[in-house]
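Trainee: Once you've had a glance at the structure underneath, I'll fire off some questions.
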Number of protein chains: 2
Amino acid sequence: MDSSEIAERIWLAIAQGRLAPGARLKEEELAESFEVGRARIRSVLLQLSREGLVDIIPNKGAQVAAPGVQEARDVFYLRSTVETRVAAQLTGQLTPQAADDLRDIVRREREAIADGHLADVIRLSGLFHLKLAELTGSSVLQSILRDLISRSSLITAVYRDTGYFNCGPDEHDAIVEALMGGNEDEVLRLVSEHIEHLRADLNLTSEQQPVKNLRDIFEL
Amino acid sequence: MDSSEIAERIWLAIAQGRLAPGARLKEEELAESFEVGRARIRSVLLQLSREGLVDIIPNKGAQVAAPGVQEARDVFYLRSTVETRVAAQLTGQLTPQAADDLRDIVRREREAIADGHLADVIRLSGLFHLKLAELTGSSVLQSILRDLISRSSLITAVYRDTGYFNCGPDEHDAIVEALMGGNEDEVLRLVSEHIEHLRADLNLTSEQQPVKNLRDIFEL
DNA sequence: GCTGACAAGAATGTCGACAGTCCTGCGCTA
DNA sequence: TAGCGCAGGACTGTCGACATTCTTGTCAGC
């Protein structure tokens, strides 16, 4: 099995709540589950820790990260500043091809919502934002935003209040059209409001601290 | 040799310009130089890539990152937003112990400047900012800022225009005192100006694209 | 009953070797 | 001579095994 697929499945397990924050991720157990060596698991865990999804404690192992409410607020604050920076650089700079790519992501988002594929919704929403960062060509913005969006996915999975994600695709579409339109003030306003809506959909009033253990979670 | 020491020495080599951007970092060569197995080098390189100091290209290896001028600007823009967030959270919240720790770092900065230890100056300056993030207790802010500061170190090493770092310690001291004073507006102003000064000391007018190769760089 | 040291177990950290992949350069062909 | 294909080499990716470290449970001593 490919490394990226392993990372994907672990991410999925976290996003769907099958792996709760605090759950221990033992290398050997994961290696058995996916029928690969520990080395590959190791690199996957390092990658996930880079994205803030798992915490690695030296000589103690990895566990699913448990973001607190203050961290959740920080993440969305930072996303707002980073993504306005991204949007500012892209305003009026989008090629028709790039715009179509973005619209395609939004279309798939709508499908995922219609089909009730929650994990896909979270992932595609993240992909949209990540694609914007990619289009700037700035590896810094890409790297930082990938980190922030991964954390957002985990936070969304943990603190999600309701099941609706209706504002996502519409606002994404609006952002694409505004970028094409070239009015920077409007773009920045839409982006800020969109991030704010994402944050507002979460229940950040009380800490979530569940702990599950790991076994038979990966149906293989 | 300890993993962190290896990372430290590679960082030092980059910061001092002995390893120029674009230089290839072959695992086996590094493993021989430091007299350790490749596995340890591998994890060190992953860590450095997490901090944006090296780029890892699958099946091709690692090389020292080569930040462009636009990326340099992005880094300082992001630092400004992240660090004002940090400062806002800390205003009036610093314990006397924490303040003393910060002042101690500034003192060591002044020593390093007096002794002409350029790498120490860069590192201690970064440490000051990182310590502030640590004091917030937010792992997100810490993680993002560590990334940004590592990149800043590399950028400073590459784009440094003059040799003077005089504004650093004085402004750091001023920030500590303002944090203790509790006037948030003043704190935010000082932090913004400080980051702006850091950026202004760089020559971000033309790209730097030197390439050196790696051998006999680590005197062992 | 409580504290401390010690030993057993478990999990991570590290190593050496092999497998897989990409690039390079040579040689063949038109 | 220019272009294509192939083989060789170099390097990364992966694996299994061993070393190290941390935790946990037990037991003697007070």
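The values are calculated or read from the model by the stated rules, or taken from the named source; none is laboratory data. These figures come from a predicted structure and were not determined experimentally. Quick reminder, even Gly has a Cβ in these numbers, built from the backbone with ideal geometry, and neighbours come from all protein chains shown. Surface areas here come from the heavy atoms of the whole protein model, side chains and all, with no ligands, DNA or RNA. Shrake-Rupley method; radii C 1.70, N 1.55, O 1.52, S 1.80 Å.
Trainee: Quick check on my filter: what residues within segment B:119-136 are open to solvent by 20 Å² or more (accessible area, probe 1.4 Å) and in contact with a Gly (Cβ under 9 Å, 6 or more places away or on another chain)?
Mentor: Within segment B:119-136, the first condition is being open to solvent by 20 Å² or more (accessible area, probe 1.4 Å), and the residues that meet it are B:120, B:123, B:125, B:127, B:130-131, B:134-136.
If the condition is that a residue be open to solvent by 20 Å² or more (accessible area, probe 1.4 Å) and in contact with a Gly (Cβ under 9 Å, 6 or more places away or on another chain), then B:Ser125 is the only one that fits.
Trainee: Another question, then. With respect to A:Ile155, determine if the residue is open to solvent by less than 20 Å² (accessible area, probe 1.4 Å), modelled with pLDDT under 95 and over 10 Å from the mean Cα position of the chain (by Cα).
Mentor: Values: open to solvent by less than 20 Å² (accessible area, probe 1.4 Å): yes; modelled with pLDDT under 95: yes; over 10 Å from the mean Cα position of the chain (by Cα): no.
Spelling it out, it is not the case that A:Ile155 is open to solvent by less than 20 Å² (accessible area, probe 1.4 Å), modelled with pLDDT under 95 and over 10 Å from the mean Cα position of the chain (by Cα).
Trainee: Count, please, the residues in segment A:59-72 that happen to be over 21 Å from B:Val86 (Cβ atoms), within 18 Å of the chain's Cα centre (by Cα) and surrounded by fewer than 18 Cβ atoms within 10 Å (Cβ to Cβ).
Mentor: 0
Trainee: Would it be correct to say that B:Leu132 is assigned to a helix (DSSP H, G or I), under 15 Å from the mean Cα position of the chain (by Cα) and at pLDDT below 95?
Mentor: no
Trainee: Inside segment A:188-204, can you point out the residues that are over 15 Å from A:Phe128 (Cα atoms) and hydrophobic (A, V, I, L, M, F, W, C)?
Mentor: A:Leu188, A:Ala200, A:Leu202, A:Leu204
Trainee: Hey, another quick one. Filter segment B:48-58 for residues that are at pLDDT 90 or above and either crowded, with 16+ Cβ neighbours inside 10 Å or more than 13 Å from DNA strand C (Cβ to nearest atom) (or both) and give the result.
Mentor: B:Leu48, B:Ser49, B:Leu53, B:Val54, B:Asp55, B:Ile56
Trainee: For B:Gly137, state whether it is within 13 Å of the chain's Cα centre (by Cα) and small (Gly, Ala, Ser). Let's see the steps before the verdict.
Mentor: On the way: within 13 Å of the chain's Cα centre (by Cα): no; small (Gly, Ala, Ser): yes.
No.
Trainee: Which residues, counting only those in segment A:14-30, are touching a residue at least 40 places away in the same chain (Cβ under 8 Å) and either among the β-branched types (Val, Ile, Thr) or surrounded by fewer than 19 Cβ atoms within 10 Å (Cβ to Cβ) (or both)?
Mentor: If the condition is that a residue be touching a residue at least 40 places away in the same chain (Cβ under 8 Å) and either among the β-branched types (Val, Ile, Thr) or surrounded by fewer than 19 Cβ atoms within 10 Å (Cβ to Cβ) (or both), then A:Ile14, A:Gln16, A:Gly17, A:Arg18, A:Gly22, A:Arg24, A:Lys26, A:Glu29 are the ones that fit.
Trainee: Suppose we filter segment A:35-47 for residues that are at negative phi and either away from DNA strand C (no atom under 11 Å from the Cβ) or surrounded by fewer than 18 Cβ atoms within 10 Å (Cβ to Cβ) (or both); how many remain? Show your work before the answer.
Mentor: Residues of segment A:35-47 that are at negative phi, as a first pass: A:36-47.
Narrowing further to those that are either away from DNA strand C (no atom under 11 Å from the Cβ) or surrounded by fewer than 18 Cβ atoms within 10 Å (Cβ to Cβ) (or both): A:36-40, A:43-44, A:47.
Total meeting the criteria: 8.
Trainee: So which helices (runs of 4 or more DSSP H) are wholly in segment A:1-88 and hold at least 2 residues that are within 14 Å of DNA strand D (Cβ to nearest atom) and within 11 Å of chain B (Cβ to nearest Cβ)? Don't jump to the end; show me each part of the working.
Mentor: Details: elements: A:3-15, A:27-34, A:38-50.
Those helices (runs of 4 or more DSSP H) span A:3-15, A:38-50.
Trainee: Additional query: Across segment B:1-13, which residue is modelled with the lowest pLDDT among those that are within 10 Å of DNA strand C (Cβ to nearest atom) and surrounded by fewer than 20 Cβ atoms within 10 Å (Cβ to Cβ)?
Mentor: Let us first name the residues in segment B:1-13 that are within 10 Å of DNA strand C (Cβ to nearest atom), namely B:1-4, B:6.
From the residues that got through so far, the ones that are surrounded by fewer than 20 Cβ atoms within 10 Å (Cβ to Cβ) too are B:1-4.
Details: B:Met1: 78, B:Asp2: 83, B:Ser3: 85, B:Ser4: 87.
Residue satisfying both the conditions and the ranking: B:Met1.
Trainee: What are the residues in segment B:89-102 that are open to solvent by less than 50 Å² (accessible area, probe 1.4 Å), away from every other protein chain (no Cβ under 14 Å) and in a helix (DSSP H, G or I), if any?
Mentor: B:Ala98, B:Ala99, B:Leu102
Trainee: Kindly check whether there is at least one residue in segment A:76-83 that is polar (S, T, N, Q) and outside the structural domain of A:Leu145 (by TED's automatic domain parsing).
Mentor: Keep residues of segment A:76-83 that are polar (S, T, N, Q), which gives A:80-81.
Still in the running and outside the structural domain of A:Leu145 (by TED's automatic domain parsing): none.
No.
Trainee: Further, regarding this structure: Among the numbered criteria (1) within 14 Å of another protein chain (Cβ to nearest Cβ); (2) assigned to a helix (DSSP H, G or I), which one does A:Ile105 miss?
Mentor: Against the list (1) within 14 Å of another protein chain (Cβ to nearest Cβ); (2) assigned to a helix (DSSP H, G or I), A:Ile105 comes up short only on (1).
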